[in-house]
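*Asks:* I have a structure I would like to understand better, so I am pasting it below and will then ask my questions one at a time.
The values are calculated or read from the model by the stated rules, or taken from the named source; none is laboratory data. Remember, predicted model here, so these are calculated numbers, not experimental data. With ideal geometry, Cβ positions are generated from the backbone for all residues, glycine too; neighbour counts draw on all protein chains shown.
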Amino acid sequence: MKTVPISVIIPCYNCADTIERAVNSVVSQTCRPAELVLTDDASNDSTLSKILELKERLGKEWIKVIALKHNSGPAAARNAAWDAADEKYLAFLDADDSWHPRKIEIQYSWMKRHPEVVLTGHRCIQADNKAPDPRLPAMNWRFFQVRPVRLLISNKMLTRSVMLLRNLPYRFNINKRHAEDYLLWLEIVLNGYAAWYLDLPLGYSYKSPFGEGGLTGDLWKMEKGELDTFRRLYRKGLLSAFSTCCMTFFSLMKYMRRLLITYMKTSDNRQSIK
């Protein structure tokens, strides 16, 4: 099997029941990444022993395990793995998600042919607990550039889809617990780096996009994280005051729409139960 210069990073917190699925989706890649870095964020279940067992069983020579002493959030866990990584590119995956077997092959091959591009993402879909269909859609796969305005309007760069150059002078903000990934992608793009997106489903999520069950509390936490992202970009001089106001208003409108959709789904579920 061909090995490619990629470090895969998975932050782990209380994920003993899902981490093996995520790791197996890395192991089963048609092009295997050179290393997998698993960061345990001071879990209080059996996560650490589980990832140590996976390392022992699946490859001590290419799997690294980092155990943080204090729970610090996904940003700090990813940064710790980033600092420990050795390969040219990084790919991120969450412990409760998984990848298509050809994800690394397709995404890395494209980035290798386009060395001026430092950040790429791809489409992700929601899956049930069954193994996703390994077949890819019969279509012309298309990469397109993600310009700053497009990324500000909608975060297409879901973390489980992102691959980037390791030596970028940025990191996840450890003081944010929501939208810390969105802030990082925007910092990269607004500083003039090229980012592209592949319209091909290569990543899988197994929970609601608005938090498990679509709870309104989760929606508000996500919304506050997004609004905080725009404020931070303004303070860094990466957004004008006018753009910050426009994005704040647009974000709040999206939030209201999500609330309405969640309410309607909840009402429909209650009606079906009756």
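*Asks:* If the requirement is being within 17 Å of the chain's Cα centre (by Cα), touching a residue at least 40 places away in the same chain (Cβ under 8 Å) and either surrounded by fewer than 20 Cβ atoms within 10 Å (Cβ to Cβ) or not assigned by TED's automatic domain parsing to the domain that holds Ala194 (or both), which of these qualifies: Gln107, Gln126?
*Replies:* Gln126
*Asks:* In the stretch 156-209, how many are among the hydroxyl-bearing types (Ser, Thr, Tyr) and over 15 Å from the mean Cα position of the chain (by Cα)?
*Replies:* 2
*Asks:* I need a count of the residues in the stretch 128-182 that are within 15 Å of Glu226 (Cβ to Cβ), assigned to a loop (DSSP other than H, G, I, E, B) and out of contact with any strand residue (DSSP E or B) (no Cβ under 9 Å at 6 or more places or on another chain).
*Replies:* The qualifying residues number 7.
*Asks:* Still on this model: Can you say whether Glu35 is at pLDDT 95 or above, over 20 Å from the mean Cα position of the chain (by Cα) and among the acidic types (Asp, Glu), as far as the supplied structure shows?
*Replies:* When the stated conditions are applied, Glu35 does not pass them.
*Asks:* Give the residue, chosen from Ile6, Ile51, that is in contact (Cβ under 8 Å) with a residue 40 or more places away in the chain and crowded, with 23+ Cβ neighbours inside 10 Å.
*Replies:* The unique qualifying residue is Ile6.
*Asks:* If you check Ala95 against the conditions, is it at pLDDT 95 or above, outside any loop (DSSP other than H, G, I, E, B), crowded, with 23+ Cβ neighbours inside 10 Å and hydrophobic (A, V, I, L, M, F, W, C)?
*Replies:* The answer is no for Ala95.
*Asks:* Could you check how many residues of the stretch 90-142 are closer than 22 Å to Arg78 by Cα and among the polar types (S, T, N, Q)?
*Replies:* Looking only at that region, the number is 3.
*Asks:* With the structure loaded, tell me whether Pro101 is touching a residue at least 24 places away in the same chain (Cβ under 8 Å), at negative phi and more than 20 Å from the chain's Cα centre (by Cα) or whether it fails that test.
*Replies:* no
*Asks:* Can you pull out the helices (runs of 4 or more DSSP H) entirely within the stretch 3-84 that have at least 3 residues that are of a type in the set (D, E, K, R)?
*Replies:* Passing ranges, in order: 47-58.
*Asks:* Taking the stretch 254-269 as the search range and keeping residues that are modelled with pLDDT of 75 or more and among the hydroxyl-bearing types (Ser, Thr, Tyr), which one is farthest from Ile153 (Cα to Cα)?
*Replies:* Ranking the qualifying residues of the stretch 254-269, first place goes to Thr262.
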